Structures are given as C-alpha cells and as structure tokens.
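Asker: Handing you a structure now.
The values are calculated or read from the model by the stated rules, or taken from the named source; none is laboratory data. Note that this is a predicted model, so its numbers are computed, not measured. Quick reminder, even Gly has a Cβ in these numbers, built from the backbone with ideal geometry, and neighbours come from all protein chains shown. Accessible surface areas use protein heavy atoms only, side chains included; no ligands, DNA or RNA. Shrake-Rupley method; radii C 1.70, N 1.55, O 1.52, S 1.80 Å.
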Amino acid sequence: MAENNIKIVSFLCNWCSYGAADLAGVSRMEYPADIRVIRIPCSGRMSPKFILSAFREGADAVWVSG
Amino acid sequence: MNKQLIGSVVVIGGGISGMLSALDLANSGYYVYLVEKGPSIGGVMAQLDKTFPTNDCAM
Amino acid sequence: MPLKYAINPDICLKLTKDKCGTCEEVCPANAIDYTQTEEHITINAGSIIYSPGFTPFDPSKFDNYQYANFPNVITSMEFERILSATGPTMGHVTTFPKLPLNPKKKKDKLLAQKRKDPKKIAWFQCVGSRDINKCDNPYCSSVCCMYAVKEAIIAKEHAGGDLDCSIFYMDMRTPGKEFEKYYENAKDKHGINFIRTKVHSVTENPETHDLNIRYVDDFGQIVDDTYDMIVLSVGLEISEETKALSEKLGIDLTSNGFCKTNSFEPVTSSRDGIYISGVFNNPKDIPDSVLDASAAASAAGDALSSARDTLTKSVEKIEEINVVGERPRIGAFICDCGSNIKGVVDCEAVTEYAKTLPYVEFADESMYACSQDAQSKMVDFIKEKNLNRIVIAACTPKTHEPLFQETLANSGLNKYLFEMTNIRNHNSWVHKNNPDIATQKAKDLVRMAVAKAALAEPLKEEKINVNDSVVVVGGGLAGMTSAKSLATQGYSTHIIEKNNQLGGEAHKLYKTAQGEDVQTQLNELIKEVENNDNITVHCNTTLESADGFVGNFKSTLKSDDKEFELEYGIAVLATGAKAFVPDEYEYGNDERIITSLDLDKMFKVNDTKLDTINSAVFIQCVGSRQPDRPYCSRVCCTHSIDNAIELKKRNPKMNVFIIYRDIRTYGESELLYKEARNLGVIFIRYEVDKKPEVTIKGKNLFIKVTDHVLNMPVEIKTDMLTLATAIVPRKDEKLANFFKVPLNDEGFFIEKHAKLGPAEFATSGVFLAGSGHYPKPVNEAITQGRASASRALTLLAKKDSLFTSGIIANVDPLKCSECGVCVSICPYSAPMFATEGRFEGKAEVNPVLCKGCGLCVASCRSGALHLRGFDTNQIFSQIFALGEVV
C-alpha cells in the first residue's frame, strides 16, 4: 500500500447516510476512494470505543453520519 | 349467490404487471395459474437497461 | 427472470428434420427432451386477469426514416439493449449496433470496420404514436418521452460527456412523479438538446453511413444536420394476437385495440370476471402497470372473496440446520453485476483474495449474483461445501439483502448467518476512474465483511400479533375504494374523514376524461361504502395521534371535541391533494377569471352564464412546472381540453383558445386533443419566461400572448378565462410523523419504491393511495385505491406468519446493574424492568417493540446489552480487519 494512503473509517446509519452513499453511487458521483464504510443500524449504535479503536487501527479520520 | 365460487385465478401474461398480479393474489390466498406464451416470464421490462426517473437497474 | 434455455421448435434441426441432436449429447444435466409436445390443459378458475402487454411499434414501414435500410437508424428497444451490460455490445455505445459483435458475413465485416464511438445521437419522438398519416396510432404511448430522456442521459454516462444528444419532439410529456425534474436536469445538468420539430426526412452518406437530417426549427428556418446514429422512439402497440384473443374472450376494445373500461372500475373489462392490467389497459409506464397489477388482483379477488384460502397450500418450511458451536465455514460470493462492478473492479482478483481470508472455505464470482440460476447454484454450493456463513459482495443490502437471505433459508441456513458488502454503489460506481484503488477497496470491504460474518450467530424472529382491522385516512375516491375492497375481503375497516361527507375533491368534478358523469357514480360509491357492514365511516373526524407498528397501531381520534381511541393493524393514507389558488393572471380581480374546478361547477349546475359566452380562454400550467412547484400536475391538460370540447359542443361558434406549454394528453386522452382541434379549438404555445398577460380594461378582458407560429404577440378579447391550476399536496407533516413516512420537497408522500412499490410505504403496514402520492385523475386514483387494498391484503393474509426482525437488542441479566439508562433512553419503550421471575428488577427487551437501533446497547455502562446482528464484537472485528495490512 502506498505511504500516503489516507484511511477514513465511516460509520453510516442504515436508514439515512448508508442510503445516501447508495444514492451517490446511483447518481454516479465520484469521490476519493479512501473511505471504508461500516454499516450500523442507527447512529445511536455508535460507541466512543468504536471511534477510538478505529484510530488505534491506523485510521486518519473517523466519520460518523446519521 | 349459491353457486360455489372457485378460489383460483388465471393470469394471462407474465410481464411485470401479470407477475405482480399473480404474486398479490397468491399472497392473499388465491391459487394462481400464470400463463405466458414465451419461454420465460419478465416481459419487456426484462429487456430494459435502466428505469426512469431513478436510473435504477430494470432487472 | 429464470435464465433457462428453450428450444425454438420452428428451426430446431432435430425437431424439424430429425438431424443434429447435439444439445442432448452435451447437456450435463440431461435436461433436453425432444419428446415433449404441445399439450392442451383445461383450467377451471374463478376469475381471469388479462395482461398481455404490448408490442413495440415496428418502424420498418416508415420510408422517411429508413429504419429498414440504414444500419445506424435503430429503435429505442434496440438502443436499450445496447446500453445494457448484458446486451450485444456489453454496454458499449457504438455505431452499426445491429451488426453482430464479430460479424461473419463479408458485407457485415466491411461495415464493422467503419464502427466508431458516436459523437452525435438523435432521438425521434412519436414514431408510431400520435400519427395517423404513416400509421394508425392516434394515441400517445405515454412512456417514450421519458425513456428517450433516460436513454440520452445513460448514453452520455456510458460514452462520456462530449457525446451530443438531441431529442426531436412535438410535446415533451413528463407528467409523472419526479419526471419534470428529470427532464429539467437532462437539459440543465446533462446538456441534452431538446428540439421541438418533426424531422422531415433522413438521408445517408453512402460512404460513412452517417445520417443527414432536415427539419424546420422554431424560427421557421430549414436546418440540415449530421448525426452518427438515430434512435426511433417507438410507441406501444397492441398486437393482432392480443386483439384476436380479446375477441375470443369476448371483451370490448377501443378503436386502438386497448381494453375499454369505466373510470370507476378501471381494471374491469366489459365481461364479468375478466380483469385487465398493464399497457393493454391504456399505454402506461412501469409504476402505473404495477398499480394496475395490484388493482386487478384486488378486483379479481373481491369477486371471489368467499372462496379465498380454499385452494392454496402453505409453504413447506425448510428445516434449519443448527450451526451453533461449529467452526465458521464461510462462502464468499463476488458479483460482477454485469459490467457495473466488473467494468471497474477486478472481480477475479477479489474472488481469489477472498479465498485466502480466514474461515473462507469457498469463493465464487458470478455475473449476476441475484439471478435465479446464480441463486440456485448458491444453494448447491452451501450444501455441497457445508458452508455455515455467507458473504455477498455486490450491490446494496438495502434492496438485495432479503433476496439473499431467502436463498440462505432455502439451503437450511438461518438467514442472519449472512453479511453483505457493497462494492457497487460505494465502490465501482463512484471510483470508476480508479480501477486499481477500487479493486483494493473491494478487497478491504470483503475482508471486513468476512471478519464480521465469522462472528454471526443464528437469530430468532418473534411472532407479531396482528390486529386485522384497517384505518383508511381520507374518504375520497381512493380511500373509499381501498376501504370497500378490504371490507369485501372481510376486514373491519374505518374511514377517517375530516369533512362532513365522503367523496373529497371528486364532488367538484363534472365529467371524467372518458365522458362519464362523476357525480352519479361517486354517489353510488358513497352509498355502497356507507351501507357496507364492515366499514365504519367517521366524518368530521381527525387523527390526533398514532403509535405502534405493523399489526398494532393505536390512535386517538377527535370528532366534534370528543376524543376516542382506535386500535388497528393496517393504515392506508389517502389524504389526497387540493387545487392551487392562483396568485397571478389577475385571479380574484374579475369574476370572469375562474379556475378549472369553477368551470366544472358551472357545467354541473348548467349555469346560464355559459350561454352568454362567445370567447373562452384557458391558460395551462398555472402554478405548475415552475421553480417553486417544479412538477407537472398531470391532469390539467386533459381537463381543460375536455372542458373546451364541452364549450364547443354547447356553442360551436364560440372561440376557444388553450394557451399551453406542452400538451400532455398521455395515452388515449390524445384523442381528445385531436377532437378539440377538429372542433376548432385554437392552441397557442407559450414559454415559461414569456407568460401570457391578462389585462382588465373597463368591461373587457384581454389576454396577450406571443403566438408560436406567427412569432408575434396576439391579443385575445375574452368573456371567460379559465386557469388550469396546479394540484398541490396537503403536505401533512403531522400525519407523516405519526406513521414515520417521508414527504418529498413538494409535500407529496414518498412511496416505498418509485417503480415497484407505488401503493405502499417503506414503513411496514402503512399503505398509500390517491393524489397524496401524486396528482391523478379519477381512474388512476381508484386504481391506486384498489392497489393499496391488494397490497394490504397480502399482509393481512399473512397474519399468522408475521415476524419481527431478528436484529434486536437483548440483555445479559447477569451483567445488568439495573441502572435504567436503557429504559429511559429508548424511543420505542422496548426495554423495561422485569417484574417477576429470577431476574426481577433487571432490564429486559420487548422484541416486538425493539427496532434494533442499538441506542441502548451503546448507552449501557455494564456491557449487558447486545445488539444481535450488529454486536459490539462484530463491529470491532470490522475495524480490526481494516487495520490489517494486506
């Protein structure tokens, strides 16, 4: 993997943001390929531990959206 | 009405409309015979690429 | 669609000449059986639904477009196949598309050498529609404008932005939900050219096979232009075969071969017991065909309601294999989605990579993982390889998860032993210019999904008790129709109507587009509904609250300051829409300036004022198709033309003008447009930036408009101006919140699926009908009313087999500290303290109320709560998998 690869972990709510990411695909929008989506049932599912853990695993940024 | 009704329906045509009629009826408690003259169901919609206005895949 | 081969008996050598027989030899499944012959079977059934569909118009006979002779003139159906990843060119837009990909004939080979990526494509509208000179199809095919716009947009997407797409049309007809915005986007965002003209002729450059066209533009100038390809937007036709069968069935057809129906029974043919749906019942698009389908099912079922459940059998449930305690044996399936994924991602590499991941026993790539053959192969693989967890890397779980879960169930696996990851919408579609990075990302996503799947456990779904009474909100045409059908099927139904009588906006209408008197049939329907023992009508009543979920709703209703409660299982929202009150054209300043509904009222009461009118003007799109209301109100063109004809019939000497933007008389309503022109109604077009001007000068009323033929301003003195006002939604946010259903920007309800779920909401147990969905005429409102009933019926019929999701929270009582955070935080009141038993005082979760959001899980300080399907260790496993270096 290239050194300068940025890694963004995104936690997307199944009901809104995950659907929005689907829609971005349907609309053929383009965005950088640095994000990795983890689908969660609701942003209420988010625990601070997930964010800390993502950083510990080398994420450059964490994005929670819901 | 004294005549005994038959609880089944013949659906002629296996396009999107015929298929969905058949599904609705079968799911509501009627026996369905779906009749299609071609070798497969799906009709014209199966030949389409995308559908308007969402550009969803027709399949 | 079942991807199964069939033998064409007309050309099979074995069947015709008893030669060959190769297919029998090579088929490993021994599926070939030449001895099968035609059989005649007699079926006794209670009803028939006839939905024969249409045939695309064959333009070979049109000599001016030379479809039969020019290789680069093709039909829209052919172009549809060219755009498709499974089509002859695998989605690549190229000239000479009718040739085989690798031609064998010498002549074809020479032509194929001239193949190029087209730079300019033209669409010709109304080929085989709205035309009685070249063919006998006077009607509008309803769908061609939209599909041409779609094909142009997708073509540009496939071929790149510099592709020049032009659509040659007479009127742009985009009267469906979200269609107008699609059309506007095509112009503004995608840069598609719209040229209002009928192309006179097409010639071909014999060398290059480029196509030269000649037409007269908006300013009367003759224009010559060259295109690489021409797509003929062919109309929908009823085949001779369909007409012949209709005759055998004994049902009446219109002069164009469509089925004759009554607006109030829009899916019932002239013969008792035969119901019709789809394009055969007037040209229509997919959602309208889908509504027809459910409506026909409802009509056919209502006639047989006493025999329901007499012939059906219940599904045999496949015994679930117990995998608890087994080491995970994961099967990973990578979908190409035709070229949608494979066009960008190296699916083979991803599949090979998946095989190297921990616990993965098996990985396979398939062209369309969702196709039936791929599904049955998957079942075989699961059984053969003894797989106990499945990972699918394909499109979005939001649409396809249930399908794959069913496949798991069919192979005996609990449907939650499954994980889906989205390598299409979130990957190939959005990173199409970075195939390497997209492939890497797909590998990461698969690795994360595998890590999560390894921790998946079989989950249990709880049974839901369903209250089988129904509440219909809104007592207009759609609501009454829905209630009547559900009541006929034996369900207790309540209609909640805020006004003092049933019938809604239909009370204001004079005639339907087919000329039927609205009031007579409306009053009959009201009487039927009021006399139905299964229907309780609550007039002057409003809904004050709604709690609960499918099968278990509870509402407070208010009637004359009295409040009462109602428990029910299903809700149908049929709240309708209303006429827009115009804010322009001097409305309100002169009693001669009225709306379409005012004119209907005058007709209804046979107002004597009508006899004094010598000149009448209609202005279309008042409040519609403009930035603040960017949708077409669908019914106004037909309504005004209908009323114009009525005026002309009353007084043939009257001057009647219709000032319009596009005439949108879709389907057979086009015949009304023709009739109006024959009667001498004058049509004048205007542009939205050059609206007509209305002035009141003393006793006179003047309308000034720029005539599109003369390209000069004309002034019309009139005795009556009718404004064809927009239909506006009620934008009932309160109601939307009660049932957790969405509204679009304009305030119309958003249905479950624009194509396949037009009469229901994404919220389970809540259904939709009438103009609250989108403006619609009488017959379409009734169709949707019936459709909503049919969809609701499928749920009510499953009453005893309705289950919750398995994705719910549960408590480990040994860890619970009884702090009560989960109890107070849950918006659905699912967790509560156990009041008895061994764990009295500890929290427990009601599985029926739990929505599986995980809020309580995240808030639990003791780690006592788990969210099945999205458990903490599963999410951690995804995060850890991401950290692994590949």
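Asker: Zone of C:Asp517 (label point 7 Å along Cα→Cβ, backbone N under 19 Å): which residues in region C:641-663?
Answerer: Flagged as within label range: C:643, C:646-647, C:649-650.
Asker: So how do C:Ser824, C:Ser263, C:Ser142 rank on accessible area, 1.4 Å probe, biggest first, that is with the largest at the start?
Answerer: Numbers: C:Ser824 95, C:Ser263 5, C:Ser142 25 Å².
Final ranking, largest accessible area leading: C:Ser824, C:Ser142, C:Ser263.
Asker: If you put +1 on each Lys and Arg Cβ and -1 on each Asp and Glu Cβ, how big is the dipole of the protein assembly as shown around its Cα centre, in Debye rounded to 20?
Answerer: Working: 113 positive and 129 negative charges, 158 e Å.
Roughly 760 debye for the protein assembly as shown.
Asker: In chain C, with Lys and Arg counted as +1 and Asp and Glu as -1 at Cβ, which of these residues, C:His708, C:Ser255, C:Tyr416, has the Cα nearest the positive end of the dipole, that is, farthest along it?
Answerer: Sorting the options by dipole projection puts first C:His708.
Asker: A further question on this structure: Calculate the mean, over all residues of peptide C:275-282, of how many other protein chain Cβ atoms lie within 10 angstrom of the residue's Cβ. Kindly include the intermediate steps, with their values, before the conclusion.
Answerer: Details: counts 3, 4, 8, 9, 6, 4, 1, 0.
Mean partner shielding for this stretch: 4.
Asker: OK, next. Compute the distribution of all C-alpha to C-alpha distances in region C:56-237, in bins of 5 Å from 0, and list the percent of pairs in each, rounded to whole numbers.
Answerer: Going from the shortest bin to the longest, the percentages are 1, 8, 17, 21, 22, 17, 9, 4, 1, 0.
Asker: Can you tell me what the convex hull of the Cα atoms of chain A projects to on average, as an area in nm²?
Answerer: It is 4.8 nm².
Asker: Okay, moving on. For chain C, with the dipole built from +1 on Lys and Arg beta-carbon atoms and -1 on Asp and Glu ones, taken about the Cα centre, which of C:Ser141, C:Ala363, C:Ile153 lies farthest toward the positive end?
Answerer: Going by the charge dipole, the pick is C:Ile153.
Asker: Across region C:809-883, what fraction of all alpha-carbon pairs, as a whole percent, falls in each successive 5 Å bin from zero upward?
Answerer: With a bin width of 5 Å, the distribution comes to 3, 18, 28, 23, 15, 7, 4, 2, 1, 0.
Asker: A further question on this structure: Just the Cα atoms of region B:8-57, one point each, no solvent: what log10 I(q)/I(0) does Debye give at q = 0.30 Å⁻¹?
Answerer: -1.04
Asker: Still on this structure, I have one more. Given chain C reduced to its alpha-carbon atoms as identical point scatterers, what log10 I(q)/I(0) does the Debye formula return at q = 0.07 Å⁻¹?
Answerer: -0.70
Asker: With all protein chains present and a 1.4 Å probe, how do C:Leu735, C:Leu311 order by accessible area, largest first? Walk me through the numbers on the way to the answer.
Answerer: Values: C:Leu735 5, C:Leu311 75 Å².
Putting C:Leu735, C:Leu311 in descending order of accessible area: C:Leu311, C:Leu735.
Asker: Output needed for region C:132-279: three equivalent-ellipsoid semi-axes, defined as square roots of 5 times the C-alpha gyration tensor eigenvalues, in descending order, whole Å. Walk me through the numbers before you get to the answer.
Answerer: On the way: eigenvalues 267, 77, 41 Å².
Gyration-tensor ellipsoid for region C:132-279: 37, 20, 14 Å.
Asker: Could you order the peptides C:378-390, C:238-250, C:105-117 from most to least packed, using the average number of other C-beta atoms within 10 Å per residue? Working shown, then result.
Answerer: Details: C:378-390: 19.1, C:238-250: 14.5, C:105-117: 12.6.
Ranking the peptides C:378-390, C:238-250, C:105-117 by packing returns C:378-390, C:238-250, C:105-117.
Asker: Can I ask one more? Where does each of C:613-624, C:457-468 land if you order them by average Cβ count within 10 Å, highest first?
Answerer: On the way: C:613-624: 22.8, C:457-468: 15.8.
Taking the mean over residues of other Cβ atoms within 10 Å, the ranking is C:613-624, C:457-468.
Asker: Accessible area per residue of the protein assembly as shown at 1.4 Å probe, in Å²? Could you put the intermediate results ahead of the total?
Answerer: Values: 44750 Å² over 1011 residues.
With all protein chains present, the protein assembly as shown gives 44 Å² per residue.
Asker: Sticking with this structure for a sec: Among C:Gly325, B:Ala22, C:Tyr67, whose Cα sits farthest toward the positive end of the charge dipole of the protein assembly as shown (+1 at Cβ of Lys/Arg, -1 at Cβ of Asp/Glu, about the Cα centre)?
Answerer: Final value for the positive-end residue is C:Tyr67.
Asker: Here's another thing I want to ask about it. Of all beta bridges DSSP finds with both residues in the protein assembly as shown, what is the antiparallel percent, to the nearest 5?
Answerer: Of all bridge pairs located within the protein assembly as shown, approximately 40 percent are antiparallel.
Asker: Pop the C-beta distance of C:Thr254 and C:Arg677 into the FRET formula with R0 = 22 Å and round what comes out to the nearest 0.05. All intermediate terms of the calculation are to be shown ahead of the outcome.
Answerer: Numbers: r = 19 Å, r/R0 = 0.88.
Efficiency at R0 = 22 Å is approximately 0.70.
Asker: Might you work out the accessible area of C:Arg625 for me, using a 1.4 Å probe with all protein chains in place, and round it to the nearest 10 Å²?
Answerer: 20
Asker: In debye to the nearest 20, how big a dipole does region C:240-305 give about its Cα centre with +1 on each Lys and Arg Cβ and -1 on each Asp and Glu Cβ? Could you put the intermediate results ahead of the total?
Answerer: Values: 5 positive and 10 negative charges, 18 e Å.
Dipole of region C:240-305, to the nearest 20 debye: 80 debye.
Asker: Over region C:609-661, with a single point scatterer placed on each C-alpha, what log10 of the ratio I(q)/I(0) does the Debye formula yield at q = 0.22, 0.30 1/Å?
Answerer: -0.79, -1.15
Asker: Quick one: ranking C:Trp429, A:Trp63 by accessible area, 1.4 Å probe, largest first, what do you get?
Answerer: Details: C:Trp429 15, A:Trp63 120 Å².
Output order, biggest surface exposure first: A:Trp63, C:Trp429.
Asker: From other protein chains only, count the Cβ atoms within 10 Å of every residue's Cβ in A:12-24, then give the mean. Working shown, then result.
Answerer: Details: counts 1, 1, 6, 4, 0, 0, 6, 3, 0, 5, 10, 3, 4.
Average neighbour count from other chains, rounded to a whole number: 3.
Asker: Taking accessible area as the heavy-atom solvent-accessible surface of the protein chains with a 1.4 Å probe, which residues of region C:846-871 lose no less than 20 Å² upon going from the isolated chain to the full protein assembly?
Answerer: Residues shielded by partner chains are C:Cys853, C:Leu855, C:Ala858, C:Phe870.
Asker: A follow-up question, please. Nearest 500 deg cm²/dmol is fine: what mean residue ellipticity at 222 nm does chain C get from its DSSP H runs of n ≥ 4 alone, each adding -39,500 (n - 2.57), divided by its residue count?
Answerer: Details: 22 runs with 241 residues, N = 886.
-8000 deg cm²/dmol, from helical runs alone.
Asker: With both partners inside chain C, how many of the DSSP beta bridges are antiparallel, as a percent to the nearest 5?
Answerer: On the way: 58 of 126 bridges.
Bridges in chain C are about 45 percent antiparallel.
Asker: Per Stokes-Einstein, at 25 °C and 0.890 mPa s, what whole-number D in µm² s⁻¹ belongs to region C:1-139, with the Kirkwood radius over Cα pairs as the hydrodynamic radius?
Answerer: Details: Rh = 19.7 Å.
The Stokes-Einstein estimate is 124 µm²/s.
Asker: Residue by residue through C:141-152, how many Cβ atoms from other chains fall within 10 Å of the Cβ on average? Walk me through the numbers on the way to the answer.
Answerer: Numbers: counts 0, 0, 1, 0, 1, 3, 4, 1, 2, 8, 4, 0.
Other-chain Cβ atoms within 10 Å of each residue's Cβ, averaged: 2.
Asker: Do you know which residues of region C:295-342 lose at least 30 square angstrom of accessible area in the protein assembly compared with their chain on its own, with a 1.4 angstrom probe?
Answerer: Listed in order, they are C:Ala297, C:Leu304, C:Ala307, C:Arg308, C:Leu311, C:Thr312.
Asker: Nearest 5 percent is fine: what portion of the DSSP beta bridges confined to region C:569-721 is antiparallel?
Answerer: Details: 13 of 25 bridges.
Just about 50 percent of them are antiparallel.
Asker: Let me ask something else about it. Percent of alpha carbon pairs in region C:580-726 separated by more than 19 Å?
Answerer: Numbers: 5272 of 10731 pairs.
For region C:580-726, the fraction of Cα-Cα distances above 19 Å is 49 percent.
Asker: Shifting gears a bit: Where does each of C:285-297, C:314-326 land if you order them by average Cβ count within 10 Å, highest first? Present the calculation step by step, with values, prior to reporting the outcome.
Answerer: Numbers: C:285-297: 28.8, C:314-326: 10.2.
The peptides rank, most packed first, as C:285-297, C:314-326.
Asker: Quick one: what are the phi-derived ³J(HN,Hα) couplings along region C:213-223, Karplus 6.51/-1.76/1.60 with θ = phi - 60°, whole Hz, x for glycine and proline?
Answerer: Running phi through 6.51 cos²θ - 1.76 cosθ + 1.60 with θ = phi - 60° gives 10, 10, 8, 9, 7, 4, 9, x, 8, 7, 10 Hz.
Asker: Right, here's the next one. Can you give the charge dipole size of region C:419-543 about its Cα centre, rounded to the nearest 20 debye, using +1 on the beta carbon of Lys and Arg and -1 on the beta carbon of Asp and Glu? Mind showing how you got there, number by number?
Answerer: Values: 13 positive and 15 negative charges, 157 e Å.
Here the size comes out at about 760 debye.
Asker: Something else now. Are there residues in region C:380-402 whose accessible area shrinks by at least 30 Å² when all protein chains are included rather than the chain by itself, and which are they (probe 1.4 Å, ligands and nucleic acids not counted)?
Answerer: With the partner chains in place, region C:380-402 has these residues losing at least 30 Å²: C:Pro397, C:Lys398.
Asker: Which links in C:Lys116/C:Lys342; C:Lys815/C:Lys851; C:Lys260/C:Lys498; C:Lys653/C:Lys674; C:Lys248/C:Lys511; C:Lys119/C:Lys755 stretch past 26 Å when you go from one Cα to the other? Walk me through the intermediate numbers first.
Answerer: Details: C:Lys116/C:Lys342 23 Å; C:Lys815/C:Lys851 22 Å; C:Lys260/C:Lys498 35 Å; C:Lys653/C:Lys674 18 Å; C:Lys248/C:Lys511 32 Å; C:Lys119/C:Lys755 32 Å.
From the list (C:Lys116/C:Lys342; C:Lys815/C:Lys851; C:Lys260/C:Lys498; C:Lys653/C:Lys674; C:Lys248/C:Lys511; C:Lys119/C:Lys755), the Cα-Cα distance tops 26 Å for C:Lys260/C:Lys498; C:Lys248/C:Lys511; C:Lys119/C:Lys755.
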